[in-house]
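Written out below as C-alpha cells is the structure these notes cover.
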Amino acid sequence: LDETRAQVVSARANGAHHAPAYDRSKAAGEREVRQGMTRGLDAVIVNPSTTIQEVAQAMSDADADTVVVVEDNVALGVITEGDIVEKVVAEGMSAGMQAMQLVDRPAVVLDGGERLFDAVQAMMQHRIRRVVVIGKASDEGEPSLGILSAEDVSHYRGLDPVATIELIERARSISALA
C-alpha cells in the first residue's frame, strides 16, 4: 500500500504525470483519446481510504465497472469489478479494507487530446486494459477524469462484433462500408 503510493508520488514529483510522451505531431484526422471514450469524462472517483464496500456501492450507483483512486488531484490507481471479485471476494478479504489496498500499480494517465494510437500503445507497454484520461480543470481547479478501456477502443475501431453488425445494418450502400 505505502510502497505503491510512494512510487506514484515519486513519479509525479519527477514530472511523470502522463504516460511516456511520444514525440510525434498529430496528422489531420487522427482521433484523440477523448473521442474513443464511451462514458466521457465522468469517472467515479474515490479517495484511498474509501472502503471496498463503499467502492462497490459507488460502482453500482454509477453503473460503472471501474473507479479511479485520487488523492490531492492525483490519480493513484484504478479499481475494477474484477479486482473486487478476484482480490476481495475470492480470497475472503474484508469489504472494510481501504481502496488503496487494492491498487497494485500506479495509474497511467493520458491527456484527452493525446492520440488514440498512443493510448493503445501505452496499454500495450504497461500491459493494462484501462488508462485514466484527464480533461480540462473545473472552475475549482480540479481536472475532470475519465477512463479509456481496451473495450472502448475496440468499439470505436469497429472490432466489436455487435458494433460491426450495427455498422453493416446502418450502411446504405456497399461503398459506405469501405
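The values are calculated or read from the model by the stated rules, or taken from the named source; none is laboratory data. The model shown is predicted, which means the values in this text are computed figures rather than measured ones. Cβ placement follows ideal geometry from the backbone for every residue including glycine, while neighbour counts extend to all protein chains displayed. Side chains are part of the model used for accessible areas, which takes the heavy atoms of the whole protein and leaves out ligands, DNA and RNA. Shrake-Rupley method; radii C 1.70, N 1.55, O 1.52, S 1.80 Å.
Quick notes
- Residue 79 vs. criteria touching a residue at least 40 places away in the same chain (Cβ under 8 Å), surrounded by 14 or more Cβ atoms within 10 Å (Cβ to Cβ) and aliphatic (A, V, I, L, M): no
- Highlighted here are the helices (runs of 4 or more DSSP H) found entirely within the range 1-69 that include at least 3 residues which are surrounded by 12 or more Cβ atoms within 10 Å (Cβ to Cβ), at pLDDT 70 or above and under 12 Å from the mean Cα position of the chain (by Cα): 33-36.
- Any chance residue 112 is closer than 18 Å to residue 152 by Cα and open to solvent by less than 60 Å² (accessible area, probe 1.4 Å): yes
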